[in-house]
Amino acid sequence: MSDDHEHPPRERAPGQPGQVPTPAAEPQPQEDAGSQALAEAFRSSFFIVQVAMVVLVAVFFCSGIFSVGPQEKAVILRLGRPVGEGAGALLGAGLHWAFPRPFDEVRRIPFTEIQSVKSDTGWYYMSAQDEAAEAAGNYHASPSAALNPAMDGYTMTGDGNIIHTRATLQYKVEDPIRYEFDFADASRSVRDVLDEALIYASAKFTNVDDVLRRERARYQETIVARVTQLAQQQDLGISVLGCNVEAIPPARLQPDFERVTTALSAADTVKNEAEAEQNTITNAAAAEANRRISTAQTDATNLVASVKADADRFTALLPRYEKNAALVRSYLYFQTVADVMTNVSGKWYMPENPGGEPWEIRLQLSRPPVTPTVSATGMP
């Protein structure tokens with residue numbers, strides 16, 4: 001092979017003889033530079049979009065974090081259905097996570113917090129101004145106001161009297177799942193139960209004075225018992241804690257009821273005084289009877305003891321009496337006379353009647369006492 005094939009031709013410096021000049025690079029067209037700049041812009045924009053999407057996804061998932069308070073429970077609804085069953089669906093206090101809307105919905109249910117509903121279905125109509133004045137303690141119903149059945153609420157007692165009554169019920173949720181999801185408006189259902197209990201309790205009382213004055217506590221207890229019964233029948237998932245009840249007569253009849261109340265109060269006062277006097281006399285009589293019974297029992301005990309002692313004494317004297325009866329009789333006679341004479345204030349000694357006949361003794365009972373006369377010398 002020749003050297004020409006083994007060694008490539010050397011490049012010659014410009015200007016040297018025999019060198020072929022290298023053609024200059026052609027300038028790029030203007031369209032290629034713009035396309036390159038646009039591609040760079042697209043790459044930068046796509047990176048920014050990717051970062052924004054990552055941030056949005058992170059924000060989307062972080063928005064599902066929620067907290068549950070210490071006095072409430074929470075339930076996660078996924079596409080309208082609770083996540084979990086029974087008590088397992090209840091979330092306690094603390095931080096929790098759920099898919100953000102529209103996938104999940106968080107329902108918070110007051111659990112340990114005391115809730116209340118107010119029933120005024122039996123109360124007369126009150127405007128917003130009247131309610132504000134009542135809250136401030138400055139509202140008084142007009143006695144001349146007539147009952148308007150189209151606006152005013154009322155209940156009727158068993159004796160046919162009309163009264164206005166309202167109540168505030170305090171209760172606690174015991175079954176949050178049923179309370180929250182089995183009723184369209186659970187608090188409204190509780191209020192309906194309270195309305196029915198007010199009408200029921202009023203009708204159970206056959207005397208309007210019992211509701212308004214004499215047995216207000218029993219009227220309130222009847223309402224609470226009825227609410228508890230209906231809540232169990234309808235399975236509302238609540239427990240009744242208490243109820244504040246107010247009952248008044250119609251405003252137009254208020255003066256008449258006040259006069260009746262005053263008269264009944266006076267009658268009760270007289271009755272209470274009579275019962276107190278009766279108790280005093282009865283207690284005194286019982287004490288006197290007990291004293292006399294106790295005294296009689298003591299006397300009976302003493303008499304029995306005395307008779308037993310005499311019987312024992314006579315039993316002891318029996319052998320002596322059998323030996324010498326006359327001597328024992330004389331002994332007993334003089335002993336008895338001595339005892340009798342010791343307790344006698346006045347004594348008369350009667351000698352034996354010469355004729356052997358008994359003396360006739362005449363005594364003047366309750367004779368005046370003898371006043372001793374005093375002589376001139378000062379001696380009796």
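The packing ranking of peptides 257-269, 196-208, highest mean first, is 196-208, 257-269, where packing means the average number of other beta carbon atoms within 10 angstrom of each residue. Bridging of Lys204 to lysines at a Cα separation below 25 Å is possible for Lys118, once same-chain residues fewer than 8 apart are set aside.
The phi-based Karplus calculation (6.51 cos²θ - 1.76 cosθ + 1.60; θ = phi - 60°) puts the 3J(HN,Hα) values of segment 290-307 at 5, 5, 5, 4, 5, 5, 4, 5, 5, 4, 4, 5, 5, 5, 4, 5, 5, 4 Hz, whole numbers, x for Gly and Pro. The Cα atoms of segment 194-348 give a gyration tensor whose axes a ≥ b ≥ c have a/c of 1.5 or more with a/b greater than b/c, which makes the shape prolate. Using a basic spin-label model with each label point 7 Å from the Cα along Cα→Cβ, how many nm lie between Arg216 and His96? Spacing of the two 7 Å Cα→Cβ label points: 4.4 nm.
Residues whose amide H lies under 5 Å from that of Gly153, counting only those 5 or more places away or on a different chain, are Trp123, Tyr124, Tyr125; hydrogens are built 1.01 Å from N in the peptide plane. If R0 is 56 Å, what FRET efficiency do you get for Arg362 and Thr282 from their C-beta distance, rounded to 0.05? For R0 = 56 Å, the calculated efficiency reads 0.65. Taking the average, over residues, of other Cβ atoms within 10 Å as the packing measure, peptides 285-291, 184-190 rank 184-190, 285-291 from highest down.
Taking a straight line from the alpha carbon of Lys323, these lysines sit under 24 Å away, with near neighbours fewer than eight places off in the same chain left out: Lys308.
Read-outs: derived from the displayed coordinates by stated rules, not from any lab. Please read these numbers as outputs of a predicted model, since none were measured by experiment. Cβ: placed from backbone, ideal geometry, glycine included. Neighbour counts: every protein chain shown.
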